[in-house]
Amino acid sequence: MTSERIERLLGEMTPAEKLGQLQIVFRPRPDDAAQLVREGLGSVFWPPSAAKTNELQRVAVEETRLGIPLLVGLDVIHGQRTIAPVPLAQAASFDPTLVEELAALAAAEARSGGVNWTFSPMVDVSRDPRWGRVVEGFGEDVHLTSVMGRAMVRGYQGGDLAAPTSIAATAKHFVAYGQPEGGRDYNSVDVSEHRLRNVYLEPFRAVVEEGVASVMASFNTVGGVPMHVNRGLLTDMLKTEWGFEGVVVGDAEGVRNLLAHRVAESLTDAVARSFEAGLDIEMGGTPGEVAEAALAQIEPARIDDAVRRVLAVKEALGLFENPFVAEDEERTEPTADSRRLVRRAAARSSVLLKSEGTLPLRGGGRVLLTGPYAESPDLLGAWTQFFAAGAQSVAAEARGRGLDVTAVPGVDFFAGSDADIESAASAARESDVVVVLVGEPSALSGEAASRSDLRLPGRQEELIHAIAETGTPFVVVLVTGRPLVVADWIEAAPTVVVAWHGGTEAAAAIVDVLVGDEEPAGRLPMSWPRSVGQIPIDYAHENTGRPATVGGTLTTEVADVGLHGPDNLQEKFTSKYLDLELGPQFAFGHGSGYASFRHGEPRVSAAELTQGEAVTLSIDVTNVSDLPGDEVVQVYVEDLVASVAPPVRRLAAFERRAIAPGETATLSFEIGDEQLGFWLDGRFTVEPGAFVLHVGPTLDRAQPVALTVRAR
Ligand code: BGC
């Protein structure tokens, strides 16, 4: 982590100069930024242009005593100029290579403008769709989040951080931020060590192993201890146990927030305790004298350690040799290639939720586009900035491609009148097919955007019913940043595609999917609940002592259970809701595509293995349709008996594979310790015993294969 240069600098630095390296001031005014840098501030938010960044770097290297270059941070979350689908959508692609390519594109665009540090990826396992930030992560699953997090880190950081196309990544928010009580952003988290290790920490461990340059502390408490002062997790776990050598950055004003948490008496106290706990850079910045007083209370070795970490990232980024970027090479606009990539990504992220054959729209004819997303260009998603390349609406895109479309939105996101809905319905009667484009505007997801009601806002559901009543064939396209509750209309809609917030080329991708140029073969990265009351409804819940096999029985069996025999009586005392069917509306991993596939019997290279060994699981998949298509094969592990209640199933491997019509592909997966083990009492353990692997296109269509692990 250190070098001769770093040690020399450390030897020369005054306490004030050290402090400067340990702060990033939260969005100062541009004039103030130069002055702060002159005074020794070591990291800034992106100004935003290559020229302005170079100016600040020049102040840092030429007008400060030690000439240390700046970290230039920015939330590059799903693109800088060319906007990719939101991360939750990227997860739905089940295509880590694509995620890596998208991050590499974002990094190249960002670094060309002088950004060298992003606050992404978010690897918070997220199981509560009320929480608006689910949009920013990879959903509910530990394995999918870990794989996609790793891919994103590789994409941002490349092989060499000093390359002009690489930026330092930040894994956030450490840790368990994805499970705030009630789904309210910034809320408390109380989680067992067992679940912390097996669920929330695991993707962070994965990206640390992948070499992520920094980790951001989260706003929440864990067991009453706000993460900014959580020494056990920031230092003992992250830095000591995992050997993380990068920078721990605080979240925006996270140190100051300790006062509101009521765990610090003063800002001085808050700063001192955060750095003692393991923070290396405070985001938000505490005024000089206060921070200096705080740092004076801390072991000098801890301060030096923090400074060393910051300088090491700057060194790895090659900033000491080359703090500037070529202003004439700044990428301020998408290119044809970048547009092609995000367009393909948006299509590949789309999920066919339900299909009764209306799609793809091959016949042409008169197409009505209705719903607020017919004409709205609000398709970029939650985390984009003013300099991002905008999207056009689906109507504009469809017209540009010569389709015979009429657009009658019928309703706005939040309002609508009977007359407007009626005009959409009468236009539907005059059309051959209707595409109902409904969803959540981007502002309803993201940070500080929790919702208590996950139905389509406004009168959008009424619009769907009004269109259904016309009898004209129709499809629903859902544009959203989170799972929605669709129970009130899903039966009325024959075909539904989830397009998410797809970025700069979202409209083109939606049309590609509608006309069949692309296939919506993604899979859900989060389960969709039947109602808000059912949350959390993740598929990988622990086995209970009273598993239910029947639910939704309030009006039928359970209401008059007393009149039934012992079998039905037993059903009453199981883990379920009386007034809902069992399980989510759509489970994690759900989806299909336009092509159809036949799965052969899965087989393992050996039915028994010893701890430390691996077997190969294989399955033949044949495309039995006349369309080229992608299948996503998912492998779930069921641990039949363990020393603690295991999850009912958990994803252990997956692959998305393109298979030509008539072709049979063999997909193979290595299954060993990593897939079969779990964290127990602080150790990763593979317990001997019986397992079942469930292999298939979705969990409910998976086939079982038995596997036995023997003790070594
Ligand atoms: C968010 C972080 C983000 C930071 C800087 C905070 O409010 O929680 O995810 O990186 O702001 O913009």
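Quick notes on this one:
- Odd one out for A163, checked against (1) assigned to a loop (DSSP other than H, G, I, E, B); (2) within 16 Å of the ligand (Cβ to nearest atom); (3) among the aliphatic types (A, V, I, L, M): (2)
- In the set (1) over 19 Å from the mean Cα position of the chain (by Cα); (2) within 16 Å of the ligand (Cβ to nearest atom); (3) open to solvent by 10 Å² or more (accessible area, probe 1.4 Å), Q179 fails one condition alone, (1).
- Extreme residue, surrounded by the fewest Cβ atoms within 10 Å (Cβ to Cβ), among residues of region 381-423 that are aliphatic (A, V, I, L, M) and out of contact with any helix residue (DSSP H, G or I) (no Cβ under 6 Å at 6 or more places or on another chain): A419
- Number of the condition not met by A427 [criteria: (1) of a type outside the set (S, T, N, Q); (2) more than 16 Å from V477 (Cα to Cα); (3) surrounded by fewer than 21 Cβ atoms within 10 Å (Cβ to Cβ)]: (3)
- Residue count, region 451-488 (criterion: under 22 Å from G365 (Cα atoms) and charged (D, E, K, R)): 1
- Members of region 115-145 found to be open to solvent by less than 10 Å² (accessible area, probe 1.4 Å) and more than 13 Å from the ligand (Cβ to nearest atom), listed by number: N116, V125, S126, D128, P129, V134, F138, G139, E140, D141, L144, T145
- Every residue from region 72-106 that is within 16 Å of the ligand (Cβ to nearest atom), closer than 25 Å to P203 by Cα, crowded, with 24+ Cβ neighbours inside 10 Å and among the hydrophobic types (A, V, I, L, M, F, W, C): V76, I77, V86, L88, A103, A106
- Failed criterion for A336 (all others in (1) crowded, with 21+ Cβ neighbours inside 10 Å; (2) free of Cβ contacts under 8 Å to residues at least 60 places away in the same chain; (3) within 30 Å of S112 (Cα to Cα) hold): (1)
- Number of residues in region 29-71 that are polar (S, T, N, Q), closer than 30 Å to S338 by Cβ and away from the ligand (no atom under 16 Å from the Cβ) equals 4.
- Residue satisfying condition, being away from the ligand (no atom under 16 Å from the Cβ) and outside any helix (DSSP H, G or I), within set V496, V511: V496
- A110 buried (at least 24 other Cβ atoms within 10 Å of the Cβ), more than 13 Å from the ligand (Cβ to nearest atom) and outside any helix (DSSP H, G or I): no
- Elements of type helices (runs of 4 or more DSSP H) in region 200-317, at least 1 residues being open to solvent by 40 Å² or more (accessible area, probe 1.4 Å), of a type outside the set (D, E, K, R) and away from the ligand (no atom under 16 Å from the Cβ): 257-260, 288-296, 300-316
- Selection within region 8-27 - in contact (Cβ under 8 Å) with a residue 40 or more places away in the chain and either among the charged types (D, E, K, R) or open to solvent by less than 40 Å² (accessible area, probe 1.4 Å) (or both): L9, L10, E12, M13, E17, K18, L19, Q21, L22, Q23, I24, V25
The values are calculated or read from the model by the stated rules, or taken from the named source; none is laboratory data. Small disclaimer: the values here were computed from a predicted structure and weren't measured. Ideal geometry is used to build each Cβ from the backbone, glycine not excepted, and the neighbour counts take in all protein chains shown. The accessibility values were calculated without ligands, DNA or RNA, using every heavy atom of the protein model including side chains. Shrake-Rupley method; radii C 1.70, N 1.55, O 1.52, S 1.80 Å.
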